[in-house]
Amino acid sequence: MLTIPRVLYDKIVAHARADHPDEACGVLAGPAGTDRPERFIAMMNAERSPTFYRFDSAEQFRVWREMDEADEEPVVIYHSHTATEAYPSRTDISYASEPQAHYVLVSTRDEHATEFRSYRIVDGVVTEEPVSVAE
Amino acid sequence: MAIEVRIPTILRTYTDGAKQVEGTGSTLGELFTDLEQRHGGLRDRLVDGGSLRRFVNVYLNDEDVRFLDGLDTPVKDGDTVTVLPAVAGGAR
């Protein structure tokens, strides 16, 4: 299960809405080993595309180094789908490389209702998990 | 002195859990070949044929080696090489 503070949940949704129709992406960092997301980091989508996302490699390097120095890890890696459901695509699965992370998918295809779902992706196997929003 | 190589979580199965390892070589490609002798299987996760795999980012100090010379990028003692999995995906 992913437990996420309301304020971080709202930031992910706001980022996805702001970048629509392009895909938005980012990270929630948290203390290593705690599984607790605490810090919101919106990342640039280097692809600026409605169907693909990729972290900018220079930005990723800086952010990963900051996390390393603060003894944090990427607890959540999120991105949006803007015309399809919030389920990992084949590309998402083939790139998934943080086995300890929660992969959050947000769909902004419906203007009024946002889908927000979370998955574990390990060795190509996708497992959906419940999302608990902590008020 | 040697070249320090930082290993991401997903590849630490090849380094007995070590976060960083050391190696030698005059280019990035030679460094990976050197690492392979002590960390069998690692090179194959970084290199495909003669070039870097699409799924990994490799940095020399703080520069992405794709913007340098890829596997031919010269390296020297005291350098730090960082490997990070690329984070990417899409709707298809």
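Quick note: the coordinates plus some simple rules give every number you see, no bench work behind them. These numbers were taken from a predicted model, which means no experiment stands behind them.
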Q | Gain in span if fully extended, A:A14 to A:D71, counting 0.36 nm per residue against the direct Cα distance | A | 17.8 nm
Q. If you take the Cα atoms of chain B, find Rg, then find the Kirkwood Rh from the mean of 1/r over all pairs, what is Rg/Rh?
A. 0.95
Q.
What's the whole-number percent of alpha carbon pairs in region A:2-134 lying beyond 24 angstrom?
A. 21 percent
**Q.** Computed [θ] at 222 nm, deg cm²/dmol, the protein assembly as shown (DSSP H ≥ 4; -39,500 (n - 2.57); rounded to nearest 500)
**A.** -6500 deg cm²/dmol
**Q.** For the protein assembly as shown, radius of gyration divided by Kirkwood radius, i.e. Rg to Rh on alpha-carbons
**A.** 0.99
Q. Which whole number of Å³ per residue matches the convex hull of the alpha-carbon atoms in region A:42-102?
A. 90 Å³
